[in-house]
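**Q** Mind looking over this structure? Questions follow.
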Amino acid sequence: MLKNNNNHIAMHSFDRPIIILSAPRSGSTLLFEVLSKSEAIYTIGGESHALIETIPSLNIAYRNFSSNALYKQDLDDGLRQQLLQRFSDKLQDYRSNKPNKNDNAPIRLLEKTPKNSLRVEFLNELFPDALFIYLVRDPKDNISSIMQAWRSNKFVTYPNLPGWNNRNWSLLLPDDWQKLNEKPLHSIAAFQWLSANEAIMNSLQKVDSSRWCILSYEQLINEPEITISRLCKFTETEFDTSLAAVCREPLPYSRYTISAPSTNKWLENYHSIETIWPNITGTLNKVNRHLGAHGCPIFKTTWQKFDIQKPEVSSASTTGTSYNSVARNSPCPCGSGKRYKQCHGALN
């Protein structure tokens, strides 16, 4: 631990921070919540949006709402010290206890937000010894979950986004988001999945292979003890009694779960996802190559045919979605690409 010139505690030092990378709705919150139970790990108590984005030069409005991406050149020495200080000030363990101020041992920080998918280069510059955990999820489930998040209106990140005809934007904001104006919801969700995974894979190619690993959400859910134990080995942290206790039982729902998971839940959006499937298979093949190289099961790339009746967009009853809380100018939850007031809102 360092001291400043006024003899006040300046900051804790960090040792190989553990940074989770993923597309939105890939299960990163669950992985974060499990790993944060480690006795060796500290977090800032949640995601780092405010910690980073309340610095004016890193705020998206200052950057003309271009995207959530940050790069190496966005970090100078002054910003580096400011960010390290902010991370240090927020540190807590899973019991909400601060680190011992008299303990000079470096801190093992755990950090996650889907925005990190667009900030690997920036974070690698901030934490040169960071370890990256790349979490992927079957794109059918992942894209369907992104669609569900948009429809819920619980994940609006940019209300009244300038240049966005549908008013509110949810979740990650990648480069070239403006091209999605007037596109249906499934195209937006696929774009977010593609942008996040492509950015992660491109960035990790510039990081030494010993400093990152990949796993799937399905591995985490189906084999929590084996999966978390492997991650502990990768991060050189102990698979301690606290982690073992979490992994002995089926993993709990994460704090951001919208509705209970179920097998083939994505079939609710079957026909929508079918239309974008050819556009994502190239990225899926890249993901599978990384999974295979790390000894992980790969995802199916061929489209699975199911005899599912195509819903009628013109009827609110076909979606199974409650629209009571949808703002009139928001994208219609049915995925038509129209504003709610021009689609199902008109039926009411």
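**Q** Rounded to the nearest 20 debye, what is the charge dipole size of the stretch 226-291 about its Cα centre when +1 sits on each Lys and Arg Cβ and -1 on each Asp and Glu Cβ?
**A** It comes to approximately 160 debye.
**Q** When the expected Rg is taken as 2.2 N^0.38 Å, what fraction or multiple of it is the alpha-carbon Rg of the stretch 131-218?
**A** 1.21
**Q** Each residue of the stretch 124-138 in turn: what ³J(HN,Hα) in whole Hz from Karplus with 6.51, -1.76, 1.60 and θ = phi - 60°, glycine and Pro shown as x?
**A** 5, 6, 6, 10, x, 10, 4, 10, 10, 10, 9, 9, 10, 9, 3
**Q** Seen from all sides and averaged, what is the projected area of the convex hull of the Cα atoms in the chain, in nm²? Could the numbers behind the result be given before it?
**A** On the way: hull surface 73.2 nm².
In nm², the orientation-averaged hull projection of the chain is 18.3.
**Q** Which of the peptides 72-83, 116-127, 21-32 is most tightly packed, and how do the rest follow, judged by the mean count of other Cβ atoms within 10 Å per residue?
**A** Highest-to-lowest ranking by the protection proxy: 21-32, 116-127, 72-83.
**Q** Still on this structure, please answer the following. Name the long-range amide H neighbours of Leu21: under 5 Å, sequence gap of 5 or more, or other chain; modelled H, no Pro or chain starts.
**A** Placed amide hydrogens put Ile133, Tyr134, Leu135 under 5 Å from Leu21.
**Q** I would also like to ask the following. Would you mind checking which residues have amide H under 5 Å from Thr157's amide H? H placed 1.01 Å from N; only 5 or more apart, or other chain.
**A** Amide H neighbours of Thr157, under 5 Å, 5+ apart: Trp169, Ser170, Leu171.
**Q** Among the complete DSSP H segments of the chain, which ones combine at least 27 Å of alpha-carbon extent along their axis with a mean Kyte-Doolittle hydropathy of -1.0 or more?
**A** Counting only whole DSSP H runs, the qualifying helices are 185-204, 270-293.
**Q** Work out how much length Asn279 to Glu223 would gain on full extension: take 0.36 nm times their residue separation and subtract the Cα-Cα distance, in nm to one decimal.
**A** Net length gain for the segment: 17.1 nm.
**Q** While we're on this one: Apply the Karplus parameterisation 6.51 cos²θ - 1.76 cosθ + 1.60, with θ equal to phi minus 60°, to every residue of the stretch 62-70 and state each ³J(HN,Hα) to the nearest whole Hz, in sequence, with x for glycine and proline.
**A** Values, residue by residue: 4, 9, 6, 6, 5, 4, 7, 5, 9 Hz.
**Q** At 1.567 mPa s and 4 °C, plugging the Kirkwood radius over alpha-carbon pairs of the stretch 11-144 into Stokes-Einstein gives what diffusion coefficient in µm²/s?
**A** Values: Rh = 15.5 Å.
For these conditions, the coefficient is 83 µm²/s.
**Q** Okay, moving on. Please report the antiparallel percentage of DSSP beta bridges with both residues in the chain, rounded to the nearest 5.
**A** The antiparallel fraction comes to roughly 30 percent.
All of the numbers you see were taken from the coordinates with simple rules; none came from a lab. Everything numeric here is computed off the predicted structure, so don't read it as measured data. Note that each Cβ is placed from the backbone with ideal geometry, even for glycine, and that neighbours are counted across all protein chains shown.
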